[in-house]
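Written below as structure tokens is the structure these notes are about.
The values are calculated or read from the model by the stated rules, or taken from the named source; none is laboratory data. Small disclaimer: the values here were computed from a predicted structure and weren't measured. Cβ placement follows ideal geometry from the backbone for every residue including glycine, while neighbour counts extend to all protein chains displayed. With ligands, DNA and RNA removed, areas are computed over all heavy atoms of the protein, side chains included. Shrake-Rupley method; radii C 1.70, N 1.55, O 1.52, S 1.80 Å.
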Amino acid sequence: MQVAIVKYNAGNIYSVVNALKRLGVEPLLTDDAEQLSQADRVVFPGQGEARGAMEYLRQRRLDEVIRQLRQPVLGICIGQQLLCRHSEEGDVDCIGVFDADVRRFCPTRHEEKVPCMGWNELHVGGEGVRKECPLFQGLGQQPYVYFVHSYYVPLCAETAAVADYIQPYSAAMWRDNFYACQFHPEKSGRVGETIIKNFLEL
């Protein structure tokens with residue numbers, strides 16, 4: 001199986017590389033359209049700023065390449081946000097796979113810090129969840145995963161898992177062959193490893 005990781009100007013890519021290697025996969029880190037299109041799986045990870053990331057992707061036409069992928073794709077952290085329609089971070093239009101806008105957390109109490117950072121409960125069933133997502137098979141209803149983010153996607157038709165920080169939001173999304181996580185599965189221990197393995201086995 002060939003797993004390609006989208007190479008662009010975002011951090012945290014090498015932690016995803018290492019997570020895949022722990023599962024016995026030697027991923028290809030690339031910004032080449034043909035290599036991305038021919039891969040069996042594509043991972044779109046990263047930490048960074050939305051406007052700068054979108055400018056980089058558009059300069060290389062990677063936004064079009066990603067939008068047209070037909071194999072399973074996994075967006076992680078800003079990768080999830082960039083797959084949405086628009087982001088308040090830099091007031092920028094994004095790739096538009098998911099019909100949702102990215103918003104900044106607005107704290108209402110002193111103890112609500114931004115960025116949201118640390119472990120939080122992931123609700124993979126119940127209110128707000130679109131339907132049972134294959135990424136979360138074998139995890140139970142409320143596993144814990146690791147988050148670092150200042151922006152979030154509100155609940156929408158494509159919400160596949162919910163987390164609650166300041167308000168409930170889309171911790172994961174799913175549409176057709178596109179899957180996405182606001183949290184970092186590569187930093188979420190055995191739960192995250194199971195999520196990545198489930199993605200590889202789709």
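Which of the listed residues, Val25, Asn198, Cys84, is farthest toward the dipole's positive end in the chain, when Lys, Arg count +1 and Asp, Glu count -1 at the beta-carbon?
Working it through, the farthest residue towards the positive pole turns out to be Val25.
Note down the magnitude of the dipole of the chain about its Cα centre, charges +1 on Lys and Arg C-beta and -1 on Asp and Glu C-beta and zero elsewhere, to the nearest 20 debye.
Details: 21 positive and 26 negative charges, 58 e Å.
The dipole of the chain has a size of about 280 debye.
In terms of the ratio Rg/(2.2 N^0.38 Å) built on C-alpha atoms, what value belongs to the range 1-111? It would help to have the intermediate numbers written out before the result.
On the way: Rg = 14.5 Å, N = 111, 2.2 N^0.38 = 13.2 Å.
This ratio for the range 1-111 stands at 1.10.
Please give the Cα centre distance for the range 18-45 versus the range 88-117, rounded to the nearest Å.
About 27 Å separates the Cα centre of the range 18-45 from the one of the range 88-117.
How large, in percent, is the carbon and sulfur part of the accessible surface of the chain at a probe radius of 1.4 Å?
Numbers: 4050 of 9180 Å².
For the chain, the apolar C and S fraction of the accessible surface comes to 44 percent.
Given (i) 29, 18, 16; (ii) 24, 20, 15; (iii) 36, 16, 15, which label gives semi-axes √(5λ) of the Cα gyration tensor in Å as computed from the coordinates?
(ii)
Using a 10 Å cut-off on Cβ atoms, rank the peptides 164-175, 8-19 from the highest mean neighbour count down. If you can, show how the numbers build up before the last one.
Details: 164-175: 20.7, 8-19: 18.2.
Taking the mean over residues of other Cβ atoms within 10 Å, the ranking is 164-175, 8-19.
In whole Hz, what ³J(HN,Hα) sequence does the range 193-202 give by Karplus (6.51, -1.76, 1.60; θ = phi - 60°), x for Gly and Pro?
Couplings: 4, 5, 4, 5, 4, 4, 4, 5, 9, 4 Hz.
Rounded to whole Hz and in sequence order, give me ³J(HN,Hα) for the range 166-180 from the Karplus expression 6.51 cos²θ - 1.76 cosθ + 1.60, θ = phi - 60°, writing x for Gly and Pro.
Here the 3J(HN,Hα) series is 6, 7, x, 8, 7, 7, 8, 9, 8, 8, 6, 8, 9, 10, 8 Hz.
With θ set to phi - 60°, apply the Karplus curve 6.51 cos²θ - 1.76 cosθ + 1.60 along the range 105-113 and write out the HN-Hα couplings as whole Hz, x wherever there is a Gly or Pro.
Coupling constants for the range 105-113: 4, 10, x, 10, 9, 4, 7, 8, 8 Hz.
Given the DSSP H assignment, sum -39500 (n - 2.57) over each helix run of at least 4 residues in the chain and divide by its residue total; what's the result at 222 nm in deg cm²/dmol, nearest 500?
Values: 6 runs with 49 residues, N = 202.
Value at 222 nm, helices only: -6500 deg cm²/dmol.
Using Cα springs under 10 Å in a Gaussian network model of the chain, which residue among Glu34, Glu89, Glu186 shows the largest mean-square fluctuation?
Evaluated over the chain, the most mobile residue of the options is Glu34.
With a probe of 1.4 Å, find how much accessible area the chain has per residue, and write the answer as a whole number in Å². Intermediate results must be reported in sequence, preceding the final value.
Details: 9180 Å² over 202 residues.
Each residue of the chain exposes 45 Å² on average to a 1.4 Å probe.
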